[in-house]
Amino acid sequence: MLDLRLPKKDGLQVLLELMSRRVSRPRVIIMTSYDCEQDVCRAARAGAKAFLVKVAGAQQIREAIRRVAEGETFFSPEIGLKLAESLSYPELSKREIQVLQHLACGKSNKEIGCALYVCEGTIKYHICSILSKLNAIGRAEAIAIAARRGLLQVG
């Protein structure tokens, strides 16, 4: 059992370290308060065999443990839907995520370009790509979609 939010280390980092071992790979169940699409998808890609939210009922927890112990996976219908949705979207590049983060802070194209050491035209290109990948009409909608999907780091 592993939480994604740990005091000293990111749970996803711990999961990746566990899965990189050359010996037997553990069967990890993620149990966390956070179930945004990004977290679910990253955990599944990293090798988690189950994903539960902390408000899961006792029966669901027992079912996840039983299935994972038998070598299967367990994702509740709600989590499975989030995983399927996340996998169906085009993935934003690291640079697009950086641009989106600056957009969320209210920065102009010129300010973003200065912060990332690229020209304003490059930022315009990235924003166009972001809008296309998120199927958003404008910046505000792109930020809202990204926040809902867990693509933006708030705070």
Task: Residues of the range 13-35 that turn out to be of a type outside the set (Val, Ile, Thr) and over 25 Å from Arg62 (Cβ atoms), as a count - done: 6
Task: Matching residues in the range 18-33 - criterion: being surrounded by fewer than 16 Cβ atoms within 10 Å (Cβ to Cβ) and either part of a loop (DSSP other than H, G, I, E, B) or within 10 Å of the chain's Cα centre (by Cα) (or both) - done: Ser20, Arg21, Arg22, Val23, Ser24, Arg25, Pro26, Ser33
TODO: Considering only the range 96-155, state which residues are hydroxyl-bearing (Ser, Thr, Tyr) and either assigned to a helix (DSSP H, G or I) or assigned by TED's automatic domain parsing to the domain that holds Asp39 (or both).
DONE: Thr122, Tyr125, Ser129, Ser132
- [ ] Starting from residues that are assigned to a helix (DSSP H, G or I) and in contact with a strand residue (DSSP E or B) (Cβ under 9 Å, 6 or more places away or on another chain), keep the ones in the range 47-69 and report whichever is farthest from Ser86 (Cα to Cα).
- [x] Arg66
TODO: List the number of the failed condition for Leu83; all other conditions in (1) touching a residue at least 24 places away in the same chain (Cβ under 8 Å); (2) over 18 Å from the mean Cα position of the chain (by Cα) hold.
DONE: (2)
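The values are calculated or read from the model by the stated rules, or taken from the named source; none is laboratory data. All values reported here derive from a predicted model rather than from experimental measurement. When we count neighbours, we look across all protein chains shown, and the Cβ atoms used for this are built from the backbone with ideal geometry, even at glycine.
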